[in-house]
Amino acid sequence: MKRPLKMSEPMQIPAAEIRECLDEESLREWVQRQRWYASKSRAVAGIDVVEGIVLSRDPFLFIALIQTRFATGTHERYQLPLALLPAGAESVARPIARTDGWTAYDALTEPERLLELVRRMDSGDEIEATEGHFSFHRADGVASVSDAAAVRPIGVEQSNSSVVIDEQLVLKVFRKLEAGINPELEVLRFLTDREFPNIAPLHGWYEYEGTPLSATLGVAQQFLPDAVGGWELALEEMHTDPDRFLHQLGDLGWVTARLHNLLASDAGDPAFSPEEPSQESLSLLTATVDEDIERIFLRLPNDERVAPIAGRGQDVRERLAARSQVGVGGRVIRTHGDYHLGQTLHTQRGWVIIDFEGEPARALPERRAKRSPLRDIASMMRSFAYVTSAVEILYARPAPEDFEQRARERFLTEYFAEVDPTLLPAGDAAVVNLLSIYELEKAIYELQYELDNRPDWVSIPVAGIRRLLESE
């Protein structure tokens, strides 16, 4: 910035002035190093700050909406909460960018700065900016947070950034932005309004509407300090008390059925009303999986870990084609979209389901699409396969005998006993068939992921694909 901002000036400043606070080259290099940067195989050709507001001073807290440009002519948009200090002021954080007058830092390095976002939610602020406006909302009936609340970061940086406020709330800041309402907000608000007991209820959210895009920027919800992650609980209790954990998986099946029943309960809401599936939707799914099979099987490495399926791409495609002839049936509804043990918490009051954002790598309209609830179930079945193998990979100890099969049976028994049968295809054979198609879709996705990221885990999706090949 060419001149320091004066305290008497308005809190909001134009995006053009925000650009002057930042050195573009430094900002570009920093963005590309972040865990939440989505296009790691593509270099950023340039960065534009398309909108921004100042929410507090000393230091200035900017919420900047940026656009990364690529040589292909495409772009992506991200949210950057930034702290801006006058040049020469000290900070424990590493700077992102410098100018003669200012130094910019990631506000997440001093997470107490983000308390301002929840304060704004609690007061219901509407803030005009250069190209649009930011709005902050608090859910009905929730209490405001204290101005002296303690704030700490949570866990490892993922595709978004989260902080815990006074051990009561968790604030999730969405990094990569897409036009439209984020399913995390949409589904959480639906379930909170209907008092579904097995979620962390929504506290508030903030969003932007303007010329660059209209998008959800972040959500705050109840934090559950006594919770244990479902994945971590499985790894522990599979060793210490597997029978108890299997009983808990039955409870999770029942909770999942209740979730699906509620998500299908409002015929008057176009975003959530159940719909009849089309044969075309199944054809599109199987065509996509077919393309993935062809591409992935052509590049299988010469490795004993993939030997059970090497050269069997055509067999997999034929099995998929045969199953797709059975038809669809049931109904399509809004679902979790990325359902596995890592998206669950176990608390003193039972299971809690979290992270309704869907698979981050998929486009937002796809994440909001209605699907058979069996897609969630197939994803959870694959999670049982993963955790059963992970015990040996991570801790060099075998899982209890037949654990994966018993986990599947316990979960499915309770799920099918509770779920609205009209949501499923008619007849056990049709249910098993559609579930197998979704499990194959998931296993093919896992195979590509593990080949690219965790070769030591490749045997897990290989075993899943082999089992589906050998099943009737």
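The values are calculated or read from the model by the stated rules, or taken from the named source; none is laboratory data. For clarity, every value in this text was computed on a predicted model and none was experimentally measured. Note that we place each Cβ from the backbone using ideal geometry, even for glycine, and neighbour counts take in every protein chain shown. These accessible areas exclude ligands, DNA and RNA; they are computed on the full protein's heavy atoms, side chains included. Shrake-Rupley method; radii C 1.70, N 1.55, O 1.52, S 1.80 Å.
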Kindly give Rg over Rh for the range 161-294, based on alpha-carbon atoms, with the Kirkwood expression for the hydrodynamic radius.
1.03
In whole percent, how big is the carbon plus sulfur part of the accessible area of the range 146-188, probe 1.4 Å, protein atoms only?
54 percent
Rounded to the nearest 20 Debye, what is the dipole magnitude of the range 230-360 about its Cα centre when Lys and Arg each give +1 and Asp and Glu each give -1 at the C-beta?
280 debye
Would you compute, for the Cα atoms of the range 345-472, the largest minus smallest coordinate along each principal axis and list the three values in descending order, in whole Å?
43, 40, 36
Using a probe radius of 1.4 Å on heavy atoms only, what accessible surface per residue do you get for the range 168-213? Whole Å² is fine.
33 Å²
Is the range 129-203 best put as rounded, prolate or oblate by its Cα gyration tensor, with a ≥ b ≥ c the root eigenvalues, rounded for a/c under 1.5, and otherwise prolate when a/b is larger than b/c, oblate when not?
rounded
Probe 1.4 Å, heavy atoms of protein chains only: per residue, the accessible area of the range 229-304 in Å² is 51 Å²
How long are the semi-axes of the equivalent ellipsoid of the range 326-391, defined as square roots of 5 times the Cα gyration tensor eigenvalues? Whole Å, largest first.
22, 15, 13
Which value, to two decimals, describes the C-alpha radius of gyration of the range 194-272 once divided by 2.2 N^0.38 Å?
1.54
Which value at 222 nm does the chain reach when only helices count, each DSSP H run of 4 or more adding -39,500 (n - 2.57), with the total divided by all residues and rounded to the nearest 500 deg cm²/dmol?
-12500 deg cm²/dmol
Across 10 Å bins beginning at 0, the whole-percent shares of Cα-Cα pair distances in the range 67-216 come to 10, 33, 38, 15, 3, 0
If the only charges are +1 at each Lys and Arg Cβ and -1 at each Asp and Glu Cβ, what is the size of the charge dipole of the range 264-326 around the Cα centre, to the nearest 20 debye?
440 debye
Taking every DSSP bridge whose two residues both lie in the chain, the antiparallel percent to the nearest 5 is 95 percent
With the contact rule set at Cα under 8 Å and sequence spacing of 6 or more, what percent relative contact order holds for the range 109-266?
21 percent
Longest site-free stretch - the chain; sites: trypsin sites (Lys or Arg not before Pro), DSSP loop, at most 16 other Cβ within 10 Å
58-193
In whole Hz, the Karplus estimates of ³J(HN,Hα) for the range 441-450 (6.51, -1.76, 1.60; θ = phi - 60°; x where Gly or Pro) are 4, 5, 5, 5, 4, 4, 4, 5, 4, 5
For residue 40, list the aspartates and glutamates whose Cα falls under 15 Å from its own Cα; do not include residues on the same chain fewer than 8 positions away.
29, 76, 452
Given a cut-off of under 8 Å on Cα pairs at least six residues apart, what relative contact order in percent is computed for the chain?
12 percent
At a temperature of 4 °C and a viscosity of 1.567 mPa s, determine how fast the chain diffuses translationally according to Stokes-Einstein, using the Kirkwood radius over alpha-carbon pairs as Rh; express D in µm²/s, rounded to the nearest whole number.
54 µm²/s
When the Cα atoms of the range 39-112 are enclosed in a convex hull and the volume is divided per residue, what value in Å³ results?
106 Å³
Would you mind checking the tilt of helix 183-193 against the longest principal axis of the Cα atoms of the chain, expressed as 0 to 90 degrees and rounded to 10?
80 degrees
Calculate how steeply helix 230-240 sits against the longest principal axis of the alpha-carbon atoms of the chain, using the helix alpha-carbon long axis, and give the answer as 0 to 90 degrees to the nearest 10.
50 degrees
The range 57-163 - percent relative contact order, Cα under 8 Å, separation 6 or more:
17 percent
Could you give me the radius of gyration and the Dmax of the range 232-367, taking only the C-alpha atoms into account and expressing both in angstrom?
19.1, 54
Considering only protein heavy atoms and a 1.4 Å probe, what is the carbon-and-sulfur percentage of the accessible area of the range 189-322?
48 percent
